[in-house]
Amino acid sequence: MRDTANLFKTTSKVNHESGFLFRTLTVIYFALLLLIISGIKNDAFPQDVRLEHLESGISYDNSENADQNSENIFLSDLEERHKAAMESGNETESSRIHSEMESHINRENISSPKPDTEVRFEKYSRSNTGADWNEGDKMIHAGQIKSLPSYHKQIDMKCGEDSVLYTAVNEKEPAGVYSGKVSFYRSSDNGNSWTTLGAIYTPLSVFITNISMLVESRSNFHKDSTRIILFYTKAASNNNDNNTLSYISFRVNGTSIFTGEIAASGSGREFSHISAVSDGAYYSNGTYFGVVCTESNTAYTSTQNFRILRTANWGSTWTISSFSTGFNDFYPSVDFRRGSQPQIYIAVERRQTSFPKSLILLRTSWSPGSSYTEQLISDANVERPSLSILKNNGPDTMMISAVINGQAVYFSTKNDGANWNAYNLSMGTANNFKFTHCYSSPNSAPPFTTVMSTSDGDSINIRRGIIGAMGELIYKINFNNSDPNISPVNVFCIGDDINLSSFVYGGTNAENVYFDQDGFKWLLIRTSIQGLYNQSMNILNRKDTLTVYLRNSVSPFEIADSVKGILDTALYFSRYFKNVNTSKSYYIVLKHRNSIETWSKPAVTFSSGSIFTYDFSYTPNSAFGNNIILSDNSPVTYSLYSGDVNQDGTIDLTDGSLIDNDAFNFASGYLQTDINGDDVTDLADAVFADNNSFNFVSKITP
């Protein structure tokens, strides 16, 4: 496979002046030069005079106007001020700046959405119940879904900033009832259980063909401010001809609904393969979002333009821009790149007569404009790309997954496209892969995940890792066969310590939608800390960090997995474990910063389909060697022994000395020697260590 990197192609339109005009400008130039030499100040020049030049090299702009770049820089500055006002909650100032932004845009490229009277929204009940799972697939949607050979985006899934998973499903229309329906589902327990959030319907003879979804939070402190935003194409038939592009936006509680038609393709054309995009990874109130799609002929054999629609005010108005590469570019996959001039990157499959299909990366300003650059990544017959840019403070790492001659592959860069490397994703497991999808998260680890499906629907594989080391191939993770016309979609369930790779897919013959995840076990522990326990209120004086280990049940009791989290004041601690085998048993081991290490009495076995709960607080038999102390008779509450300040497994004079020294020096704050959690080390803390030392308390292990 030939991998070509750092090759940019562009074209530019230049208006040639007549000879007379050239001579006139030359005279003016020298006249101005003489004025400067004579001491005329620079501010005597008209404010709209710009110096322009063409720059040679491997990359340059394809612009309708020579001033496009400088105008985009100016708009970018306005947009940053606009976002700052929105983030601060200054609605008056944000509205004023937004009006100024629009004043610099051609009015023909600004539109208010036409009310979409052909769609209605229904919301359903919500639920937060559910349990963990590891084996098999969870059914999200029961029933037929849309399956069209040329339009693979019928399912979408996102993990919101509220840590909830959302899935949209474009359903197949039942004859004589309605022609279009998209259902929305949510899961607040990492995909173990799903509830129906709501649905949109269209009447007969109005068909929904493509969908692409975003989930954005206007305030991360108010979960119901999270909004689902769905873009979809509508047409009078399932062939997508002469369609319109619409959107609907609503809060996750089913309120504050906005919807409308935002563009029409026109006669003999259609919008195809829409791809939603936003800068919400960096903003909350100030989020801009939009959609990119190809504008093609109705046979979907050639593409004329890329259409970009963006809103800076959550859908009230939209700016529209477009550009043409002059080539037939298909399957656009879009992501946002933050920078001094924010951009969107578009990965496409380029088709040229007598040439293999090429992977092209297009780059264009996030501000409205027709300027773009392009980069050839590979010309090795690359099909159906999926792009993901890592959203960190230096967004220069990205991945493009695709298919080459039946093999799933990915291309990656760590320096914003200066160099690209190619890797085989499927590792020879099959040579009939059809779809891939990649996703990234800057939170926790690993940063990237990919899913790939075969054209016969037999195998869906998944990998997760870092660029150049995508981790083990989890082969045929799907329990049911998948539909060959529908692309699977994967995301991360974002955890505290690790990202969990998850995906959805359509079942055989477009029947049902299933969810699967790369596996974890959820453990819910109830335990108390002797020094922190408040007997009068039956709670802990403060939340505190607890580390939980799972150790193999046979000597030498190696650590199989561990997590660190917060034990809340109600005595509960819950976290998931990744490296758990359901055929093995484990000791649960608790470690707290100034308590005795405590092991569970039986070695426990995890099972799929339920949250595993273990209570160290109800009976002394829960701890190995009955090594816990009664802190309360009503309700009965046992606690971990407190006072092991130096964490050597024994409470003795050494621990007492550490407490005495800090008490003598009036030490305060979050200290190992603060046993009762009042942020002061004093006699009250020493009592716990002295009593437990007198009773020779130490850890007890198998």
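We did not get these values from a lab; they are worked out from the coordinates using the rules stated. Since this is a predicted model, take the numbers as computed values, not measurements. As a convention, Cβ positions derive from the backbone with ideal geometry for all residues, glycine included, and neighbour counts pool all protein chains shown.
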- Item | Estimated FRET transfer efficiency (GLU93, SER256; beta-carbon r; R0 25 Å; 0.05) | 0.65
- Task: Might you report the magnitude of the Cβ-based charge dipole of the range 302-419 about its Cα centre, with Lys and Arg at +1 and Asp and Glu at -1, to the nearest 20 debye?
- Result: 220 debye
- Which ordering of ARG337, ARG107, ARG81, ARG464 is given by a fewest-first count of other beta-carbon atoms within 10 Å? ARG107, ARG81, ARG337, ARG464
- Phi-based couplings in Hz for the range 375-383 (Karplus 6.51, -1.76, 1.60; Gly and Pro marked x): 9, 7, 8, 7, 10, 9, 6, 8, 10
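Given a cut-off of under 8 Å on Cα pairs at least six residues apart, what relative contact order in percent is computed for the range 522-694? Each step should come with its number before you reach the end.
Values: 398 pairs, mean separation 38.2, N = 173.
Normalised by residue count, the contact order of the range 522-694 is 22 percent.
Normalising by the residue count of the range 362-457, find the relative contact order in percent from Cα pairs under 8 Å and 6+ residues apart. Before the final figure, lay out the partial values.
Values: 192 pairs, mean separation 21.1, N = 96.
Relative contact order of the range 362-457: 22 percent.
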- Task: Using amide H atoms built 1.01 Å from N in the peptide plane, name the residues 5+ places from SER302, or on other chains, whose amide H lies under 5 Å from its own.
- Result: ASN297
- Per-pair calculated FRET efficiency, R0 = 51 Å: THR605 and ARG107 via Cβ, rounded to 0.05: 0.15
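What ranking do ILE539, ILE140, ILE208 get, fewest neighbouring Cβ atoms within 10 angstrom at the top?
Values: ILE539 15, ILE140 25, ILE208 28.
So the residues, fewest neighbours to most, are ILE539, ILE140, ILE208.
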- Item | Net charge of neighbours whose Cβ lies under 14 Å from the Cβ of ASP652, counting Lys and Arg as +1 and Asp and Glu as -1 | -4
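Please give the peptides 473-486, 559-572 ranked by average Cβ packing (other Cβ atoms within 10 Å per residue), highest first, as a rough proxy for protection.
Details: 473-486: 19.1, 559-572: 16.5.
Highest to lowest by the protection proxy: 473-486, 559-572.
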- Once phi is turned into ³J(HN,Hα) by the Karplus curve 6.51 cos²θ - 1.76 cosθ + 1.60 with θ = phi - 60°, what whole-Hz value does each residue of the range 546-556 show in order, with x for glycine and proline? 9, 10, 10, 10, 10, 10, 4, 7, 10, 4, x
- Message: Given contacts defined as C-alpha pairs under 8 Å and at least six residues apart, what's the relative contact order of the range 115-519, whole-number percent?
- Response: 13 percent
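What does the extension gain come out to for PHE479 and TYR618, with contour length at 0.36 nm per residue minus their alpha carbon separation?
Extra length from PHE479 to TYR618 when fully extended: 46.1 nm.
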- With a/c under 1.5 counting as rounded, go ahead and sort the range 145-238 into rounded, prolate or oblate using the C-alpha gyration tensor (a ≥ b ≥ c being the square roots of the eigenvalues; past the cut-off, prolate if a/b is larger than b/c, else oblate). prolate
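Cβ neighbours within 10 Å, averaged per peptide: list 681-688, 400-407 in order, most packed at the top.
Values: 681-688: 19.6, 400-407: 22.8.
Packing proxy ranking, top to bottom: 400-407, 681-688.
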- With each pseudo-label sitting 7 Å past Cα toward Cβ, what's the ASN297-ASN424 distance in nm, one decimal? 3.8 nm
- In sequence order, what are the phi-derived ³J(HN,Hα) couplings for the range 85-102 according to the Karplus relation 6.51 cos²θ - 1.76 cosθ + 1.60 with θ = phi - 60°, rounded to whole Hz, with x for glycine and proline? 5, 5, 5, 7, x, 7, 5, 5, 5, 5, 5, 5, 5, 4, 5, 5, 4, 5
- What shape does the range 522-694 have by the C-alpha gyration tensor, where a ≥ b ≥ c are the square roots of the eigenvalues, rounded means a/c under 1.5, and otherwise prolate means a/b greater than b/c and oblate the rest? prolate
